[in-house]
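**Student:** I'd like to ask you about the structure that follows.
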Amino acid sequence: EETFFTFSFSPIRDETGGVGGLFHPVTETTVKMLSERRTRALRDLAARTSKAKSVSEALALSAQALAEYDLDFPFVLLYTLDPNGLQARLVGSTGLTSGTPASPETMSMGAAGECVWPLEEAVRSGTVVQVDDVAGRLGPPPYGPYDEPPNAALVLPILPPGADRPAAVLVAGVSPRLPLNEAYRSFYDLLASGVTAAVANARAYEEERRRAEALAELDRAKIAFFSNVSHEFRTPLTLMLGPVEDMLARSHSELSPAAKDQLEVVNRNGLRLLRLVNTLLDFSRIEAGRVRAVYQPTDLAAFTADLASVFRSACERAGLRLSVDCLPLDQPVFVDRDMWEKVVLNLLSNAFKFTFEGEIAVTLAQAGGNVELRVRDTGTGVHADEMPRLFERFHRVENARGRTHEGSGIGLALVHELVRLHGGSIAAESEEGRGTTFTATLPLGSAHLPPDQIGRVRPEPKPGSGASPYVEEALRWLPDDVPGESANRSELPSYHEPLPTPYIRPEQVGGDDRPRVLVADDNADMRE
């Protein structure tokens, strides 16, 4: 029998002062030593299986942890059950070689007499089954740390919480040199609980992974849908807007005022829809990782000032002040000009939408190794509870007071992604009723950007060349009786509202094929 003792030797002096005998006290510490060893085994089992990512891995790691405690477990077999409960597969063992008659790699649960161990009984009853005739099942030695075979074995079902049937079965031998008393049985119960916890954690991880994969697949399907739909929408929209713009460019004698007004409505709303489709397409490309930016050294102060100025006429008509203060930078900033244009115009459009009085201020300045763009407004502001979700895609602030309740909820999310593609960040500060400030920060230099996307030459768009849909939509939010509206609006060939200043676009004038450029001043007078 495995036992533990502590003892000591002390001399016993006689009347002469010599050693007349020995005092030899012996204290049995078996219970204490077994308790410490078993506690250590359970602790190691939990530590070893804590990172298991599947049920099979959890059972295999459990067997590895228990292999170091063969004094308590002469052998351990761990079988996982298939979903139907008809077959058991060995996934972990210690003390017995896998594939022997006592440790078959697979066992059919329904075949009478085929199972070496009563797995089916343990699964059906859900309780521990004791096997006493172990020696006849094991075959020739070795049987663990001792020469004699175990006297008994326990078959324990592993039933995770919430499950209606066991997920695995644990077969553990009982030491032939320890009595199978209440303490030993309790240890097996704790062992089964530890393995059950490992299996439950692994199952939870597998289910979470499957949910994450399903959500990722749905997200990929959504992105593909948006991308495909955007492409399908943009082509017919472009083909429709081309003839409409050509008709609007004709002289007044060719179109009646009523027809011209109707075509202007079609053109204006078509441009708005095209902007929405392009935004969805941009966002889906970013989500799918298919965006190829072209980062060019840019005078960001001048470029940003030109972009901000396209909203000046809309702000003046709405009775707002537009303040633009873009300080010169000591070096060019590497940006994708199309992306930066969308960042600035989306932030300005958002500020215009929620500002009814006061001003919109655009500032750009260098701050250490970064450049900061700030767009501040004195609008309605955002409630503190909504701030953490401000840049979430498709999230809209409910019941917010604005010039319109329309919106897709992806403008700020797109801005966030575009700034992130530049290696920068964007933050927002807001006080309800006092306004909001957006701060976009870009690092200077090009070390943070992909080398293969730097310095490629392509035609640079004119500042504000993509601003027309933003300005057209902003002007549409204003009431028709806004004071100061230009009376010469009808003189513009292709736009219902006055063009921003300065706004330059190619135009065919007259009947010849010579290209012309029409420039719209603040008073909307046209000159060639």
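**Student:** From the Cα trace of the stretch 292-384, what convex hull volume per residue do you get, rounded to a whole Å³?
**Tutor:** Enclosed volume per residue, from the Cα hull, is 114 Å³.
**Student:** Same structure again: Rg (Å, one decimal) plus Dmax (Å, integer) for the alpha carbons of the stretch 113-193?
**Tutor:** Reported Rg and Dmax, both Å: 13.4, 42.
**Student:** For the stretch 54-134, how big is Rg over Rh, using alpha carbon atoms and the Kirkwood form of Rh?
**Tutor:** Checking Rg against Rh, the ratio lands at 0.95.
**Student:** Please compute the contact order of the stretch 60-165 in relative form: average sequence separation of alpha-carbon pairs under 8 Å and at least six residues apart, divided by the residue count, as a percent.
**Tutor:** Here the relative contact order equals 21 percent.
**Student:** For the stretch 44-101, what is the convex hull volume of the alpha-carbon atoms per residue, in Å³?
**Tutor:** 83 Å³
**Student:** Arranged from highest to lowest average of other beta-carbon atoms within 10 Å per residue, in what order do the peptides 352-365, 72-85, 265-278 appear?
**Tutor:** Order by mean packing, descending: 72-85, 352-365, 265-278.
**Student:** Let me test this: with uniform point scatterers at the alpha carbons of the stretch 130-255, what is the Debye-based log₁₀ I(q)/I(0) at q = 0.16, 0.19 1/Å?
**Tutor:** Cα-only, vacuum Debye calculation for the stretch 130-255: -0.93, -1.08.
**Student:** Right, next: I need the peptides 145-156, 121-132 ranked by packing, meaning the mean over residues of other C-beta atoms within 10 angstrom, with the highest value on top.
**Tutor:** Descending packing order for the listed peptides: 145-156, 121-132.
**Student:** Once the Cα gyration tensor of the stretch 8-94 is found, what semi-axes does its equivalent ellipsoid get, as square roots of 5 times the eigenvalues, in whole Å, sorted largest first?
**Tutor:** Taking √(5λ) for each Cα gyration eigenvalue gives 51, 12, 8 Å.
**Student:** May I ask you to order 178-189, 10-21 by the average number of other C-beta atoms within 10 Å around their residues, highest value first?
**Tutor:** Peptide ranking by packing, descending: 178-189, 10-21.
**Student:** For the stretch 39-85, run through the trypsin sites (Lys or Arg not before Pro) and keep only the ones in DSSP coil with at most 13 other Cβ atoms within 10 Å of their Cβ.
**Tutor:** Here the trypsin sites (Lys or Arg not before Pro) that fit, given the DSSP loop and packing criteria, are LYS51, LYS53.
**Student:** Dividing the convex hull volume of the alpha carbon atoms of the stretch 147-191 by its residue count, what do you get in Å³ per residue?
**Tutor:** 76 Å³
Just so you know, all these numbers are worked out from the coordinates, no wet-lab data involved. Remember, it's a predicted structure, so these values are computed and weren't measured experimentally. Here Cβ is always computed from backbone atoms with ideal geometry, including for glycine, and neighbour counts include all displayed protein chains.
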